[in-house]
Protein chains: 2
Amino acid sequence: MADKKSKKIKKNSKEIILMSAKVLFAKQGFELTTVREIAGKAGINVAMVYYYFNTKEELHQNIIDDAFKSFFLSLKEGVGQGKGPKEKIYDVIKVYITFLHHHKDLHRIILRETISQSKHIDMIVKKYISRNFDLVHSIIKEGVQKGAFREHDTTLSTFSLIGMILYYFTYEPIFTRLISPEKRKKSITEFLPDHIFNLFMEGVNG
Amino acid sequence: MADKKSKKIKKNSKEIILMSAKVLFAKQGFELTTVREIAGKAGINVAMVYYYFNTKEELHQNIIDDAFKSFFLSLKEGVGQGKGPKEKIYDVIKVYITFLHHHKDLHRIILRETISQSKHIDMIVKKYISRNFDLVHSIIKEGVQKGAFREHDTTLSTFSLIGMILYYFTYEPIFTRLISPEKRKKSITEFLPDHIFNLFMEGVNG
DNA sequence: AGAGTGATTAAACAAACGTTTAGTTAATTA
DNA sequence: TAATTAACTAAACGTTTGTTTAATCACTCT
């Protein structure tokens, strides 16, 4: 009958911890998020966190790893094979914006980790950020070879393109405040891809 | 003679604290930087920090305030009056890159503060980031009016331009690793402004 | 010379942190 | 059913944190 203080056995505690931690890390960052806080949000005991993860750091790394993996996977699957360079670039922009729009928390975590210059950052950078970059870079290089794009430093333009996109999410609260009321009603995924694609292709010259 | 444990009176302790704190906040962030650490780097007692600043937070705010002020000032002074929109945009790019290149620590602090969603962020955003944005935005709007730039959403292109620039500094360690060896020898202020200017004007279309 | 003032110090404070311990309960196996 | 294993808990551990206290030193002014 009545469950008084009965110990309920949940089999998915580990996943609940990961979910709670992801939200809190994204909102407050690694240092400002307490292990007790994570446990509290997950509705479990503090020690359970250490039952599944050796340290707070390990839990954090786990989340970052997942974030990067899913990002790269989306990008790889979202870019249509057999298309021309211009269409591929449009796909890249679309996937980047769509993914980040639906995983704002992950973008925050990635960005934070990039700034923090932790010991593990080097491994993470090599493993994931560079993979995303290389994928976009190879498309642009292909475009130059085939004459779709003009001759230029493709490393720099790849960086510029990704930078244009990421900046919207990095400074999203400011962005939302500044755009026109009509566009504020729409989703960012509707109008932003076309704008960035046009700008990257044609520039603003009149 | 010999100064044993003599108390030396330094009149510039406050400035030394500010300098030390700036470096440490930039490198490690607010939470990871200890008041004892700041005092240690400054070569003074911990209590001296609280002699000049009420809290660690107040010291931090002081540094951020200075950072934003000097940034906006550089921008305002660096953009030539009486020039055409295109030349002004080039100036903007040049000043942004030059300033950030010489104040990498400040950029890190600003970025960190933007992500952190602290209570004071709203005031800071309104006060400074928007001011920089408005300055650039007004130049682009002027360019469209005068026919120098094509008709387009100028809010979005302003965001894109600033994003392109800032991204290089946000992800600088990755960037340095990826650019060509010849460019790595040069300073970023030499080749980056022209690249971004050309890209923003003409795009990559072949 | 001595009172007054600002700069500086060592030492302590309570609170919060990540982590560990030792034990309890529920489920599984034999 | 008894023994074993996995899931869970309350309480404590030592350390570090931001901050305060009370006293000391160096200097200026009369």
Does region B:50-61 contain at least one residue that is within 27 Å of B:Ile129 (Cα to Cα), more than 16 Å from DNA strand C (Cβ to nearest atom) and open to solvent by less than 50 Å² (accessible area, probe 1.4 Å)? yes
Do we have any residue at all in region A:120-135 that's touching a Gly at 6+ places or on another chain (Cβ under 7 Å), among the β-branched types (Val, Ile, Thr) and open to solvent by 10 Å² or more (accessible area, probe 1.4 Å)? no
B:Asp91 being closer than 18 Å to B:Ser160 by Cα, more than 15 Å from the chain's Cα centre (by Cα) and more than 13 Å from chain A (Cβ to nearest Cβ): yes
Taking B:Ser130, is it within 16 Å of DNA strand C (Cβ to nearest atom), in the same structural domain as B:Phe169 (by TED's automatic domain parsing) and among the small types (Gly, Ala, Ser)? no
Within region B:28-49, residues within 14 Å of chain A (Cβ to nearest Cβ), open to solvent by less than 10 Å² (accessible area, probe 1.4 Å) and within 8 Å of DNA strand D (Cβ to nearest atom) come out as B:Thr33
I'd like to know if region A:148-166 contains one or more residues that are under 25 Å from B:Glu151 (Cα atoms), aromatic (Phe, Trp, Tyr) and more than 22 Å from the chain's Cα centre (by Cα). yes
For region A:143-165, enumerate the residues that are in a helix (DSSP H, G or I), more than 7 Å from chain B (Cβ to nearest Cβ) and free of Cβ contacts under 8 Å to residues at least 12 places away in the same chain. A:Val144, A:Gln145
The one condition in (1) open to solvent by 10 Å² or more (accessible area, probe 1.4 Å); (2) more than 7 Å from chain A (Cβ to nearest Cβ) that B:Ile140 fails to fulfil: (1)
Among the residues of region A:169-199 satisfying the criterion of being facing chain B (nearest Cβ under 7 Å) and modelled with pLDDT of 95 or more, which is nearest to A:Ile110 (Cα to Cα)? A:Ile196
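The values are calculated or read from the model by the stated rules, or taken from the named source; none is laboratory data. Note that this is a predicted model, so its numbers are computed, not measured. Neighbour counts run over all protein chains shown; Cβ positions are idealised from the backbone, glycine included. Accessible surface areas use protein heavy atoms only, side chains included; no ligands, DNA or RNA. Shrake-Rupley method; radii C 1.70, N 1.55, O 1.52, S 1.80 Å.
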